[in-house]
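Notes follow the structure.
Here, each number is a calculation from the coordinates, and none is a lab measurement. This structure is a prediction, so every number in the text was calculated from the model and none was measured. Positions of Cβ are generated from backbone atoms using ideal geometry, with glycine treated the same way; all protein chains shown enter the neighbour counts.
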Amino acid sequence: MAIPIGLTATALLMTNGDFEQELQPKVNRNLRTNIDDYTRFAPLAVMYISDGLGAKAENHWFDQTKNAGLSLLLTQAITTGLKINIDKERPNGSNEEAFPSGHTSLAFSSATVLHEEFKNTEPILAYSGYAFAISTAYLRMAKNKHWLSDVILGSALGIAVTKLVYHFDYLFSWNPFKKSDRLLIAPTVNQEGTGAYLSFRF
């Protein structure tokens, strides 16, 4: 937890300061891409694909999904609450919900789920999710939607909440599928939309 605590302190010291005010015009590219809507969840896609390819994870796919869902839900709730109550204006002036970055908090939450699942078995795979998370944070700044302190606090929230969920996952350890390897459920994403793949072996 030292990393998210350090990131939080950095964000609080930096917010509305001269450094980020001077940095933002240099990072801003006025991008119009929506790829950051997908990169924030890319680590979860990597996790399920790795499961399908046989990579050894810490938990069963149901527990992975349960921990990921709870982590994202709590992260989103905390982020939204802070946005509403802090009232920091975005760089582009569109509203006063800049602090912290929601896309970034979810991206780092997703990346931390991937890390927790493969940190002891596939270290490179475990850390790969943070490349998507950092890219998401950069895109939010390059689109002029967030300041540097916004994405730093978002990263801290995503990491901290997910770490806590995994630390206390024994409190909600129920898994109806753990004794059966016959059922597989995995998310699918294509040009027509999103859905789920279900396979049952008789």
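Numbers at a glance
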{"quantity": "Spin-label pair ALA2/ALA55, simplified geometry with 7 Å Cα→Cβ offset, distance in nm", "calculated": "2.7"}
{"quantity": "0 to 90° range, to nearest 10: angle between helix 123-142 axis and the chain longest Cα axis", "calculated": "30"}
{"quantity": "In degrees, nearest ten, helix 102-118 long axis to first principal axis of the chain (Cα)", "calculated": "40"}
{"quantity": "Region 44-176, dipole about Cα centre (Lys/Arg Cβ +1, Asp/Glu Cβ -1), debye to the nearest 20", "calculated": "260"}
{"quantity": "Region 101-172: relative contact order as a whole-number percent, Cα under 8 Å and 6+ apart", "calculated": "46"}
{"quantity": "Positive minus negative residues near PHE118 (Lys, Arg vs Asp, Glu; Cβ under 13 Å)", "calculated": "-3"}
{"quantity": "Three-way shape label, region 28-88, alpha-carbon gyration tensor, a/c 1.5", "calculated": "oblate"}
{"quantity": "Pairs beyond 19 Å (Cα-Cα), from LYS119/LYS178; LYS66/LYS178; LYS66/LYS145; LYS88/LYS163", "calculated": "LYS119/LYS178; LYS66/LYS145; LYS88/LYS163"}
{"quantity": "HN-Hα J in Hz across region 84-96 - Karplus 6.51, -1.76, 1.60, θ = phi - 60°, x for Gly and Pro", "calculated": "5, 8, 8, 6, 9, 6, 5, x, 8, x, 6, 6, 10"}
{"quantity": "HN-Hα J in Hz across region 157-164 - Karplus 6.51, -1.76, 1.60, θ = phi - 60°, x for Gly and Pro", "calculated": "5, x, 5, 4, 4, 5, 4, 5"}
{"quantity": "Segment PHE168-THR80, extension gain: residue separation times 0.36 nm, minus the distance between their alpha carbons", "calculated": "29.4 nm"}
{"quantity": "Crossing angle, helix 2-14 versus the chain [Cα axis fit, 0-90 degrees, rounded to tens]", "calculated": "20"}
{"quantity": "Reported label for calculated Rg and Dmax of the Cα atoms in Å given (1) 17.9, 64; (2) 19.7, 74; (3) 16.5, 50", "calculated": "(1)"}
{"quantity": "Cα centroid separation - region 113-183 against region 1-36, whole Å", "calculated": "19"}
{"quantity": "The chain: relative contact order as a whole-number percent, Cα under 8 Å and 6+ apart", "calculated": "30"}
